[in-house]
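Here the structure comes first, spelled out in C-alpha cells, and everything after it is commentary.
The values are calculated or read from the model by the stated rules, or taken from the named source; none is laboratory data. Just so we're clear, the structure is a prediction, and the values are computed from it rather than from any experiment. Cβ sites come from the backbone with ideal geometry, for glycine too, and all protein chains shown count toward neighbours. Just so you know, the surface numbers come from the protein's heavy atoms only, side chains and all, with ligands and any DNA or RNA stripped out. Shrake-Rupley method; radii C 1.70, N 1.55, O 1.52, S 1.80 Å.
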Amino acid sequence: VCISVADGENYVEDFTLAAGMSLVAPAATVVGTITLESDTACYLDKHYPATNSDDTVIKNGGTGYAHYICNILDTRGTGGALTGCTGIRNATSGSVIFARIGVLFVCASGIGLQDNGTDFGHIHFQAADLYLAGNDAVGIRGQSASTNFIGYIDHILEIGTPTNTRGI
C-alpha cells in the first residue's frame, strides 16, 4: 500500500505504517509520532514531536527494514520548547532503519538517533547537519555493545549555548 499526499498541509496526529506500507508526502509536515513496522517507507518534508519525551520516529515490531526520509526533523517541536524527545529510535532487536535526514535538531535532554536493540539492531543514516540545540542533548546513542550505527553526518554543531552536550 502506498499513500501519496500531494499537498503541503500540516498533519497533527500519531500513526503507524503497518508492514508493507509507504507514505510519500514530500511537501507535508507531520506533528506527532510515526511508528514504522517491517518493510515500510516514509518520506516527509518536516517532522516534529507533539509533546515532551515523545519518540518522533520509532521502528517497532518485526525484524525487517524501514526507510525514513525527511528534510527537517526537529525534536524541539513546532514551538521550539519541547524536551526529552528522540528523533529516530530503533526499538526492535534485529531490526534495521535506513534514515536520510537533511537537518536534525536535538532538543534539551533529547537524543537524535537511538538504537535500543540488543541483538544486531542497527541504523544506517545520512544527515547533512545534526544540531545539538539544548542542554544535555545527545546526537547518537546506542543501547549495548551489539548496537551499530552505519553512516555519516556532515556537521555536528551546537546552536545557542547548551551545556553537557554529546555528539556520540
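Selection over the range 143-168 of residues that are open to solvent by 100 Å² or more (accessible area, probe 1.4 Å), of a type in the set (A, V, I, L, M) and part of a strand (DSSP E or B) gives a count of 0. Out of I101, I97, I69, one residue alone is assigned to a strand (DSSP E or B), closer than 17 Å to L36 by Cβ, open to solvent by 30 Å² or more (accessible area, probe 1.4 Å) and not acidic (D, E). It is I69.
Out of G112, G77, G62, which single residue is buried (at least 19 other Cβ atoms within 10 Å of the Cβ) and either touching a residue at least 60 places away in the same chain (Cβ under 8 Å) or not in a strand (DSSP E or B) (or both)?
G77
Among the residues of the range 4-38, those that are assigned to a loop (DSSP other than H, G, I, E, B) and touching a residue at least 40 places away in the same chain (Cβ under 8 Å) comprise A19, S38.
The condition of being open to solvent by 30 Å² or more (accessible area, probe 1.4 Å) and not hydroxyl-bearing (S, T, Y) does not hold for G134.
Report, by residue number, each residue of the range 100-153 that is polar (S, T, N, Q) and modelled with pLDDT under 95. Selection gives Q114, N116, T118, Q143, S144, S146, T147, N148. Taken over the range 27-45, residues that are modelled with pLDDT of 95 or more, of a type outside the set (V, I, T), within 19 Å of C2 (Cα to Cα) and open to solvent by less than 60 Å² (accessible area, probe 1.4 Å) amount to 7. I'm trying to understand the selection: among the residues of the range 39-59, which are of a type in the set (A, V, I, L, M) and part of a strand (DSSP E or B)? Selection gives A41, L44, V57, I58.
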